[in-house]
């Protein structure tokens with residue numbers, strides 16, 4: 001009987017005291033995840049099928065799919081979804097393109113490159129609330145931007161109090177905030193692209209643009225996919241900057257879904273419908289992320 | 001042992017929410033004040049340094065000495081008070097004495113969370129009740145007293161005597177009707193081509209400020225938001241349309257007198273508000289802040305105008321309790337809680353508290369106190385309190401207010417006409433009433 005390859009050693013399941021000992025190491029983390037992460041999510045899902053005010057003494061009242069049905073025809077929720085989508089679409093491409101340019105720039109050796117990278121990363125380190133407060137001042141009527149416009153002989157603008165400008169102003173701040181982290185991630189991606197591929201391309205006569213298209217972009221694809229997916233997740237949950245800069249106004253023009261959820265849950269005490277909104281937003285983010293990942297992997301949708 | 005702490009804007013919110021999520025279904029009695037010495041937990045809304053100093057260093061020690069009780073005071077940012085209170089109720093850890101804005105009262109009553117204070121109030125001296133006659137109605141829901149106001153507010157026009165004199169107007173004879181206010185505002189407005197360089201009159205136009213300003217116009221034109229039994233909106237009446245048209249014309253058209261549409265200046269420090277910076281000659285404001293405005297702009301001769309009315313109507317201005325105290329229905333220390341409230345509303349204590357917050361006291365007799373009598377403009381504010389008109393105290397009011405705020409904003413921006421805006425607002429308010437929020 002031919003023997004062929006040597007038999008693979010059988011993996012033996014640990015048992016007895018070592019297995020128990022190992023499980024004990026896992027228990028604290030598992031309990032943490034179960035109680036503080038999965039538990040609230042599951043409870044939120046249950047709440048989304050109920051009508052519930054935390055002030056109520058009677059507890060949640062099961063209403064089936066009513067909360068989801070009412071969202072379907074709710075113009076306020078529909079508008080918030082559109083605003084959230086627009087916010088993602090107008091921040092994401094700009095921040096990724098600029099971050100890629102900055103990553104390419106900081107991937108070169110020049111004096112002060114370390115300082116440049118640090119300076120670009122600083123906004124990511126500062127909390128979004130603090131950054132939003134600073135931009136609130138920058139955008140104020142007497143803020144830096146209007147003072148610069150005044151010096152140039154141009155009329156100041158009301159950046160946060162007009163419907164046309166408010167979401168764009170919040171988007172500009174978010175682009176600035178996201179640049180540093182995206183740049184560092186893309187820089188890390190650039191440094192994983194093998195140098196010999198560039199040498200081979202140059203030997204084949206490829207110019208800088210051709211090298212970028214044929215070597216850099218394919219090499220960066222996994223990291224680009226990650227950056228885009230993470231940006232979608234963060235941007236679609238936009239809340240802090242909206243809360244600080246505009247409070248969802250003027251007349252709802254910056255009310256993202258997350259801000260609407262906050263209002264519904266904590267101002268109006270409608271925990272059930274707020275939870276339903278949260279799960280619709282979750283589905284929206286998951287859908288967008290899946291599309292981004294599949295496109296990034298070069299697979300069909 | 002007494003513990004006094006100040007809750008930061010965000011600290012504990014996540015924990016509170018988690019507690020609410022996990023314990024919401026559990027309910028249960030509040031475990032407060034169970035020890036023999038008598039411990040009372042009190043939440044105050046806001047984080048004013050001067051308020052905290054007065055309460056912590058003077059008011060609470062005096063009460064503790066008098067009653068031998070321990071008082072635990074927590075100050076909660078206004079923005080967080082509702083979420084934290086909701087989480088505390090869900091978790092069964094709400095305080096014995098709850099400080100909040102009057103807009104929250106009806107929802108707490110609707111959910112059977114606060115005590116009816118009418119029997120306690122009935123035991124107070126009749127003269128004391130009469131002295132608080134302008135304040136107490138603001139804390140009632142369906143005729144029962146659930147909140148005892150601590151400080152009062154009323155919207156009045158602050159105007160610059162200097163600007164009046166420069167424009168040839170008599171600062172001692174301010175206008176008495178809204179029609180006259182408009183005419184004077186046009187005289188005071190300065191323009192550079194089509195741009196207003198100094199507004200004749202500025203009125204808040206952010207969603208909450210707009211609702212309160214509109215209320216002032218509406219009530220002083222004989223209108224109301226809701227019908228007498230609070231079962232339907234009546235805010236699309238002809239009186240309401242006239243009032244909103246007046247409000248809109250402050251911003252729209254060639255004779256506009258206000259260039260601050262959409263600018264949330266009302267929350268800025270007094271020194272940065274248009275009346276103090278000289279960007280406006282008249283400003284609809286919280287009257288209790290007049291001292292701060294005068295301090296910020298001593299050269300502008302800032303004064304208060306008694307609340308105007310539209311011709312043929314009585315003056316009514318948005319106002320009422322700016323905050324007040326309630327007793328948790330589950331508290332085990334209700335009598336001690338009431339003692340604390342009566343201590344807070346004792347005339348001298350209350351005047352000191354109002355002064356610390358730069359607000360108006362709840363007692364009419366405070367007009368003779370050192371704090372009020374030292375400033376003739378503050379005296380006017382206290383005298384004007386009889387014209388205060390609070391928002392309706394009904395469940396779901398915050399939702400109604402936000403709904404109408406958005407439609408008012410659209411009208412103010414000229415996107416829809418007043419009738420259309422009010423019809424839409426009335427429809428949404430009716431939906432909130434029907435939903436029984």
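The values are calculated or read from the model by the stated rules, or taken from the named source; none is laboratory data. On a predicted model such as this, the values are computed, not experimentally measured, just so you know. Positions of Cβ are generated from backbone atoms using ideal geometry, with glycine treated the same way; all protein chains shown enter the neighbour counts.
Things worth noting here:
- Residues of the range B:62-112 satisfying the condition of being within 11 Å of another protein chain (Cβ to nearest Cβ), outside any helix (DSSP H, G or I) and in contact with a helix residue (DSSP H, G or I) (Cβ under 6 Å, 6 or more places away or on another chain): B:94
- Take the conditions (1) more than 13 Å from every other protein chain (Cβ to nearest Cβ); (2) closer than 20 Å to residue B:321 by Cβ; (3) free of Cβ contacts under 8 Å to residues at least 40 places away in the same chain; residue B:115 misses just one of them, which is (3).
- Conditions (1) away from chain B (no Cβ under 14 Å); (2) within 26 Å of residue A:100 (Cα to Cα); number of the one not met by residue A:240: (1)
- Note on the range B:326-417: enclosed helices (runs of 4 or more DSSP H) holding 3 or more residues that are within 30 Å of residue B:233 (Cβ to Cβ) and outside the structural domain of residue B:53 (by TED's automatic domain parsing) are B:397-412.
- Being modelled with pLDDT of 90 or more, over 30 Å from residue B:402 (Cα atoms) and part of a helix (DSSP H, G or I) is true of residue A:228.
- A residue that is assigned to a strand (DSSP E or B), touching a residue at least 24 places away in the same chain (Cβ under 8 Å) and more than 21 Å from residue B:380 (Cα to Cα) occurs nowhere in the range B:312-321.
- Residues in the range B:271-288 that are part of a helix (DSSP H, G or I) and either in contact with a strand residue (DSSP E or B) (Cβ under 8 Å, 6 or more places away or on another chain) or closer than 18 Å to residue B:169 by Cβ (or both): B:274, B:275, B:276, B:287, B:288.
- For the range B:44-53, the criterion of being facing another protein chain (nearest Cβ under 10 Å), at pLDDT 90 or above and in contact with a strand residue (DSSP E or B) (Cβ under 7 Å, 6 or more places away or on another chain) is met by none of the residues.
- Failed criterion for residue B:403 (all others in (1) within 13 Å of chain A (Cβ to nearest Cβ); (2) surrounded by fewer than 18 Cβ atoms within 10 Å (Cβ to Cβ); (3) under 19 Å from the mean Cα position of the chain (by Cα) hold): (2)
- Flag if residue A:263 is assigned to a helix (DSSP H, G or I) and touching a residue at least 24 places away in the same chain (Cβ under 8 Å): no
- Unmet criterion (only one of (1) part of a helix (DSSP H, G or I); (2) in contact (Cβ under 8 Å) with a residue 24 or more places away in the chain) for residue A:294: (2)
- The range B:193-208, residues that are assigned to a strand (DSSP E or B), closer than 21 Å to residue B:159 by Cα and either in contact (Cβ under 8 Å) with a residue 40 or more places away in the chain or touching a helix residue (DSSP H, G or I) at 6+ places or on another chain (Cβ under 9 Å) (or both): B:196, B:198, B:199, B:202
- Some residue of the range A:169-179 being in a helix (DSSP H, G or I), within 14 Å of chain B (Cβ to nearest Cβ) and either at negative phi or surrounded by 22 or more Cβ atoms within 10 Å (Cβ to Cβ) (or both): yes
- Residue identified as more than 30 Å from residue A:253 (Cα to Cα) and within 17 Å of the chain's Cα centre (by Cα) among B:374, B:356, B:364: B:356
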